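Read the figures in this text as sums done on the coordinates, not as results from a lab. Computed from a predicted structure; not experimentally measured. Cβ coordinates were reconstructed from backbone atoms using ideal geometry, including for glycine residues, and neighbour counts include every protein chain displayed.
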Amino acid sequence: MESTSRFVPSGTQFRRIVSVLDRAPAISYVLDSELRFIYCNPAWDRFALENGAPELAEGSAIGTELFTVVPEVLTQFYSRIFEEVRRNKLVWSHVYECSSPEQFRSFRMLIHLLASQCLLVTNTLVVERPHEVIVEGNADVYVARGIVCMCAHCRCSQRRDKPEQWDFVPEHFKIRPPGVSHGLCPVCRAYFYPSK
């Protein structure tokens, strides 16, 4: 598969990085100084296609602003991290869950500062295994006015009968917007926004 890059900034650093990322299994992309996609590797394309987002594959994300594809509740968190990486010029590392209906998956995200304030983001699969416990998605328990409230980070669904309880319900991954509203479960809210 060829690189899906439509624009790669000039310079030896970028050419070297792109030549490595084109062959790497890690899902990777580069953002320009305004947080627009300027490069997505073939692993990005495979992941987008395998997870029902063909509109983000085959170079379609190039030129798109990152926060148009990130749930709004995570915008403040990632904005703060990108600013911190640029200010401190250090690599930032974070482990997060991005499961599918069938598989529990955990990824390690690294964010590197490149030339011209561009950011290289790599997401390496750390754990992938079948789900151990599957909760059936009873519409009476999870759906309010046709909408499931799902945590933007851990992807658990909020119960209507017990709003403080959030369960992982694999079948809810198959619901496409507008059937999903993103929020943050109490644990992710405490992690992402500890001061609130």
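Could you tell me which of the residues 95, 121 is surrounded by fewer than 16 Cβ atoms within 10 Å (Cβ to Cβ) and not in a helix (DSSP H, G or I)? The conditions single out 95.
Looking at (1) surrounded by 15 or more Cβ atoms within 10 Å (Cβ to Cβ); (2) in a helix (DSSP H, G or I); (3) of a type outside the set (Lys, Arg), which is the one condition that is false for residue 19? Evaluating residue 19 over (1) surrounded by 15 or more Cβ atoms within 10 Å (Cβ to Cβ); (2) in a helix (DSSP H, G or I); (3) of a type outside the set (Lys, Arg) leaves (1) as the failure.
Scanning region 75-92 for residues that are within 12 Å of the chain's Cα centre (by Cα) and surrounded by 15 or more Cβ atoms within 10 Å (Cβ to Cβ) yields one hit, 78.
Number of residues in region 143-158 that are assigned to a strand (DSSP E or B) and without any contact (Cβ under 8 Å) to a residue 24 or more places away in the chain: the value is 3.
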